[in-house]
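Here's the structure, in structure tokens; my notes come after.
What follows is calculated from the coordinates using simple rules that are stated; it is not laboratory data. This structure is a prediction, so every number in the text was calculated from the model and none was measured. So basically every Cβ, Gly included, is an ideal-geometry build from the backbone, and we count neighbours across all protein chains shown.
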Amino acid sequence: MLLLKYLILGIIQGFTEPLPISSSGHLRIFKSLFNSEVLSDMNFEIIVNFGSLVAILILYRKEITNIIKDFFCYIKTKEEKYKINFKYAWLIVIGTIPAGILGLFVKDFIETYFTAKLVGLMLIITSILLFMIKDIKGKKEKKDMTILDALKIGLFQVVALLPGISRSGATVVGGMKSNLTRETALNYSFMLYIPISIASMFLGVSDLLNSGSLNELLIPYLVSMIAAGIVTYYAAKLFINVMKKGKLIYFSIYCFIVGLITFIIF
């Protein structure tokens, strides 16, 4: 039964992580609904986050490789053809800074005081944000992005530190409000996820390694990580297809319904 619980929650976490419906919000709701040792296991979040990270790295492996390669090639040669990705790499760093800094200060507060009712309210806000951009197409591509765009989207990612505010949803909204094309906004959103995810994993890895339950739960951890990785990969591809078709209204409706129900019952 314990293995089954880790598998199911790994699937749920993996599905909600890349979609604009807030994985942290769903996890907090499940914690309030069910008294489960899995949901109280802080190491579980680290494990499934790693699975999701690997999935995004695989999905965007060509883009990531090109950014890294062009970054160092531009430093070495200063050739114009490498400049776009050189600049883009710095924009990813700049966009990560706001959430990276503020996350250290608000993490304990959120874990202690953020209730399920507040999660419901934040999901409704996510729904409204997604509804606001449902018809926006945008014109700016990666080469047109500015430092101001990166900072603006980075500030939207700060708001997503609150459970119920989707990280991918908030950053896509920030991108669309910055007049980025749907594809550019979504790609930048996933690029911002990578350093944030790596940072949170490193912050929690010492607790994981020092955990007395690591050996006992090694198999359930591996099962949840693999499940989260596989499901994240396909959920991210689903999100990409939905963005291309401009059908964010589906996620907006979902967040509103779940948020309203959560707000009422807790």
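Compare the peptides 82-95, 162-175, 120-133 by average per-residue count of other Cβ atoms within 10 angstrom and give them in order, highest first.
Numbers: 82-95: 18.2, 162-175: 26.9, 120-133: 21.9.
Sorting 82-95, 162-175, 120-133 by mean packing, highest first, produces 162-175, 120-133, 82-95.
This model, with +1 at the C-beta of Lys and Arg and -1 at the C-beta of Asp and Glu, gives segment 124-261 a dipole about its Cα centre of some 740 debye.
Note on the chain: Rg/Rh from C-alpha atoms, Kirkwood Rh, equals 0.97.
Given charges of +1 on the Cβ of Lys and Arg and -1 on the Cβ of Asp and Glu, with all other atoms neutral, how large is the dipole of the chain about its Cα centre, in debye to the nearest 20?
Working: 27 positive and 17 negative charges, 241 e Å.
So the dipole magnitude of the chain works out to roughly 1160 debye.
In terms of distances greater than 30 angstrom between alpha carbons, the cross-link table entries LYS76/LYS137; LYS87/LYS137; LYS117/LYS143; LYS31/LYS139; LYS134/LYS237 yield LYS76/LYS137; LYS117/LYS143; LYS31/LYS139. Placing unit charges on each Cβ (+1 for Lys and Arg, -1 for Asp and Glu) gives segment 1-84 a dipole about its Cα centre, and among GLY25, TYR6, ILE68 the Cα reaching farthest toward its positive end belongs to ILE68.
Contact order normalised by length for segment 63-123, with contacts defined as Cα pairs under 8 Å and 6 or more residues apart; what percent is it? Can you show the working numbers first?
Working: 24 pairs, mean separation 14.3, N = 61.
Relative contact order for segment 63-123 comes out at 23 percent.
When GluC sites (Glu not before Pro) are flagged only if DSSP places them in a loop and at most 16 other Cβ atoms lie within 10 Å, the longest unflagged stretch of the chain comes out as 142-215. Every helix of 4 or more DSSP H residues in the chain counts as -39500 (n - 2.57), and over all residues that averages to -26500 deg cm²/dmol at 222 nm. Using alpha carbons only, how many degrees (0 to 90, rounded to 10) separate the axis of helix 42-59 from the longest principal axis of the chain? For 42-59 against the chain, the angle is about 30 degrees.
Have a look at LYS244, LYS81, LYS143 and tell me which one the Gaussian network model of the chain (Cα, springs below 10 Å) gives the largest fluctuation. Answer for the Gaussian network model of the chain: LYS81.
With respect to the chain, whose longest principal axis is taken over its alpha-carbon atoms, helix 249-265 is tilted by about 30°.
When a/c reaches 1.5 or more, the comparison of a/b and b/c decides; with that in mind, is segment 64-210 rounded, prolate or oblate per its Cα gyration tensor? Oblate, because a/c is 1.5 or more while a/b does not exceed b/c.
Just going by the charge dipole of the chain, with Lys and Arg at +1 and Asp and Glu at -1 on Cβ, which of MET201, TYR234, GLY100 is farthest out on the positive end? Value: TYR234.
Relative to the longest principal axis of the Cα atoms of the chain, the long axis of helix 167-177 makes an angle of roughly 30 degrees.
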